[in-house]
Amino acid sequence: MRNLIISTIIAATAATGALAQSPSDVAKARRAFFTLVGFEMSTLGAMAQGKIDYDADVASQAAKDLAALTGYTMSDLFAPGTSNDDLLGETRAEAKIWADMPGFQEKGMAFYQAVADLNGVAGNGLEALQPAVGKLGGTCKACHDDYRAKDF
């Protein structure tokens, strides 16, 4: 019985983690997450565009890092009350996200699939990397076009 009570408390605490954070802290964490995504994408994009030399090991590691990021449970990063309507100047996440969560999640799944596809080819040469990075970048753009404000 003691273990059941402890497990219930742990589960309830984990489920309400985002609620324990201020809306500003949630927005900061969300921006930090996407900064990491952008960091990995900048390396891959530069390789795909020929701005830096292709390196199979570096490309593979960047793809693995993106895959690790896709394993993060992001629901707490999108707590209600953390849109740019709520936190003007702190986030570019438009309120449309919460009004159209199924559409937003669909775009997230497209990103997840593009990262999985990228991981299958990142170390297989520039010709394999380029279309995979293009597809991944397209998923980013699609979400930005629909759910991210141009300015803070």
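The values are calculated or read from the model by the stated rules, or taken from the named source; none is laboratory data. What you see is a predicted model; the values in this text were computed from it and never measured. Every residue, glycine among them, receives a Cβ derived from its backbone with ideal geometry; neighbour counts consider all protein chains shown. Heavy atoms of the whole protein, side chains included, go into the accessibility calculation; ligands, DNA and RNA do not. Shrake-Rupley method; radii C 1.70, N 1.55, O 1.52, S 1.80 Å.
Structure notes:
- Residues that are part of a helix (DSSP H, G or I), of a type outside the set (Phe, Trp, Tyr) and over 20 Å from residue 136 (Cα atoms), drawn from the stretch 47-96: 75, 76, 77, 96
- Every pair of residues 6+ apart whose Cβ atoms lie under 6 Å, when the first sits in the stretch 28-45 and is under 17 Å from residue 84 (Cα atoms) and basic (Lys, Arg) while the second is part of a helix (DSSP H, G or I) and open to solvent by less than 90 Å² (accessible area, probe 1.4 Å): 30/77
- Of residues in the stretch 25-46 being open to solvent by 50 Å² or more (accessible area, probe 1.4 Å) and either touching a His at 6+ places or on another chain (Cβ under 9 Å) or among the basic types (Lys, Arg) (or both), the one farthest from residue 141 (Cα to Cα): 28
- Out of 116, 110, one residue alone is touching a Ser or Thr at 6+ places or on another chain (Cβ under 7 Å), more than 24 Å from residue 22 (Cα to Cα) and open to solvent by 40 Å² or more (accessible area, probe 1.4 Å). It is 110.
- Among the residues of the stretch 88-107, those identified as in contact (Cβ under 8 Å) with a residue 60 or more places away in the chain and open to solvent by 40 Å² or more (accessible area, probe 1.4 Å) are 88, 89, 90, 92.
- The listed residues are 60, 83, 22, and the only one of them that is without any contact (Cβ under 8 Å) to a residue 40 or more places away in the chain and open to solvent by 20 Å² or more (accessible area, probe 1.4 Å) turns out to be 22.
- Residue ID - surrounded by the most Cβ atoms within 10 Å (Cβ to Cβ), chosen from residues in the stretch 121-152 that are polar (S, T, N, Q) and in contact (Cβ under 8 Å) with a residue 60 or more places away in the chain: 130
Table: residues versus (1) in contact with a helix residue (DSSP H, G or I) (Cβ under 7 Å, 6 or more places away or on another chain); (2) farther than 26 Å from residue 45 by Cα.
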| position | (1), (2) |
| --- | --- |
| 75 | no, yes |
| 92 | no, no |
| 137 | yes, no |
| 145 | no, no |
